[in-house]
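Taking it in order: structure first as structure tokens, then the write-up.
The values are calculated or read from the model by the stated rules, or taken from the named source; none is laboratory data. Keep in mind the model is a prediction, meaning the values are calculated, not measured. So basically every Cβ, Gly included, is an ideal-geometry build from the backbone, and we count neighbours across all protein chains shown. In case anyone asks, the SASA skips ligands and DNA or RNA and just uses the protein heavy atoms, side chains included. Shrake-Rupley method; radii C 1.70, N 1.55, O 1.52, S 1.80 Å.
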Amino acid sequence: VQLQASGGGLVQAGASLRLSCAASDRTFSSYIMGWFRQAPGKEREFVARIRWSAGSADYADSVKGRFTISRDNAKSTVYLQMNTLKPEDTAVYFCAAKEVNVDSEYDARRYLYWGQGTQVTVSS
């Protein structure tokens, strides 16, 4: 599976951005899709993940209520709508795909396929 992330940019605090991640695989709908982020000098951290449908989404506490993950299986695309952005949201954002199994859906090491990352910078 090849993943192509896009939509990052430089915004002011309080603004919104929507990230997109397009997958090349027609079996996209069978994967759990996640978004992770990595700030300079920090480890990659879980942001959000979604299973088959919007009702199966989960978020890191730091973004809950501000970010929304969604997917369009017909377009093989997953989105991350980010509202009320804060300077601490500044990071490179990665989308990733994980097979459905018993492994943790919050652990980046369990995701098999990764996009190239897109930079999000939030100024104060």
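So which residue, out of GLY41, GLY65, GLY14, gets the largest mean-square fluctuation from a GNM of the chain using Cα contacts under 10 Å as springs? Highest fluctuation of the listed residues: GLY41.
Per residue, the solvent-accessible area of the chain (1.4 Å probe, heavy atoms of protein chains only, all protein chains present) comes to 52 Å². Here the extension length gained between SER6 and THR27 equals 5.5 nm, from 0.36 nm per residue of separation less the Cα-Cα distance. Net charge of the neighbourhood of ALA15, taken over other residues with C-beta under 13 Å away and scored Lys/Arg +1, Asp/Glu -1, is +2. Springs join every pair of Cα atoms under 10 Å in this Gaussian network model of the chain, and among ARG37, ARG71, ARG18 the largest mean-square fluctuation is at ARG18. The residues neighbouring THR84, those whose beta-carbon lies less than 14 Å from its own, together hold a net charge of +2 under the Lys/Arg +1, Asp/Glu -1 convention.
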